[in-house]
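Each remark here refers to the structure printed beneath this line.
The numbers here are math on the coordinates, done by the rules we state, and not lab data. Since the structure is predicted, the reported quantities are computational estimates derived from the model, not experimental observations. Don't worry about glycine lacking a Cβ; one is built from the backbone with ideal geometry, like all the others, and counts go over all protein chains shown.
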Amino acid sequence: MPPLSIFIIARDEADRIGRTIAAVRELSDDIIVIDSGSTDGTQTIAEQCGARVIFNPWPGYGQQKRFGEDQCRYTWLLNLDADEVVPRDMAVEIAGLFAHGDPPADAYRTRIAEIFPGERAPHRFAYALSPVRLYRKDKGRYSPSPVHDRVDLSPDARIGRLKGTVHHYSVRSLGEQMAKLNNYSDAQADDLDKRGETLSAFRLVAEFPANFIKAYIGRRHALRGVYGFMTAMNYAFYRYLRAAKHWERRLKRHSDRDARNG
């Protein structure tokens, strides 16, 4: 097996994590699941699939992934989310990078394409991101941001790109997606407060229509039928909620200050 550690953060992923681990089982003898308090048996399923399960209370996205990095045995790391699956051709590609020693680059951008319920593979025009997911931990670490999970690389890091595509099963249902986005909007409002940023009142009006267009047209959800329309609406409402919660907090702080001064 390649000298590669694979780490996954998870909570209540019993219905998905088995498939995620099985897809990379032949790539690593060091698969770690960082669980933040599952109550649905995620830990048992992960252990049955051969992973080491470590509990860590949820500190935020970036911090949890940094914790995961610290648990890994090898220098080379592959990070996956519990709803992401590495297809067979991509697993072969990754293994091939280690066929003659260390891969030629220090980090690899990894295409991740979402798959909606009812789809067996990413749509031809599916929206995709290409973050760094395969990397040397002496050349990059996850940012400690509670809301942004990105790998910050050393200035001299050599960056390559994988040819394959990770399958991202991000949506269980529209309701579950909305609940997840609602929680994420809370975290983003917290992050804005901590960084002392202020969104203009205009954003309350502009966020929903602008982000619906961003998702429906820019991310090509218009080509994904009715489900594409519905997920674009969810995305737009989530971005509005982020701004609305930020403003609600500002108004409350002003009201509390006026009450103290009055």
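Ala232 sits among other residues whose Cβ lies under 14 Å from its own Cβ, and their net charge, with Lys and Arg +1 and Asp and Glu -1, is +3. Computed over neighbours whose Cβ is under 15 Å from that of Gly160, the net charge equals +4, Lys and Arg +1, Asp and Glu -1. Against the empirical 2.2 N^0.38 Å (N residues), the stretch 174-261 has a Cα radius of gyration ratio of 1.26.
Shape summary of the stretch 54-150, radius of gyration then Dmax from alpha carbon positions: 14.8, 40 Å. Label separation (Glu93 vs Phe125): 2.3 nm, computed from points 7 Å beyond Cα along the C-beta direction. Annotation: aspartates and glutamates with alpha-carbon distance below 16 angstrom to Lys245 (same-chain offsets under eight excluded): Asp186, Asp190, Asp191, Asp193, Glu197, Glu207. Remark: relative contact order (the chain) = 17 percent; criterion is Cα-Cα distance under 8 angstrom and separation of 6 or more residues.
Output the 0 to 90 degree angle, nearest 10, between the alpha-carbon long axis of helix 225-261 and the longest principal axis computed from the alpha carbons of the chain. Between the helix axis and the principal axis of the chain, the angle is about 50 degrees. Computed on the stretch 174-261, with alpha-carbon pairs under 8 angstrom and 6+ residues apart, the relative contact order is 41 percent. Highest mean packing comes first when the peptides 62-68, 3-9 are listed by Cβ atoms within 10 Å, giving 3-9, 62-68. Taking Cα atoms only, the orientation of helix 88-97 departs from the longest principal axis of the chain by about 70 degrees.
Quick check on my link table: of Lys65/Lys139; Lys137/Lys163; Lys180/Lys214; Lys194/Lys214, which ones sit more than 25 Å apart, alpha carbon to alpha carbon?
Numbers: Lys65/Lys139 15 Å; Lys137/Lys163 22 Å; Lys180/Lys214 20 Å; Lys194/Lys214 27 Å.
From the list (Lys65/Lys139; Lys137/Lys163; Lys180/Lys214; Lys194/Lys214), the Cα-Cα distance tops 25 Å for Lys194/Lys214.
Give me Thr110, Thr165 ranked fewest to most by other Cβ atoms within 10 Å of their Cβ, as a rough exposure proxy. Could you put the intermediate results ahead of the total?
Working: Thr110 25, Thr165 19.
Ordered from fewest to most neighbouring Cβ atoms within 10 Å, Thr110, Thr165 come out as Thr165, Thr110.
Distances between every pair of Cα atoms in the chain, grouped in 10 Å steps from 0 to the bin holding the largest one, split as 7, 26, 33, 24, 8, 2, 0, 0 percent.
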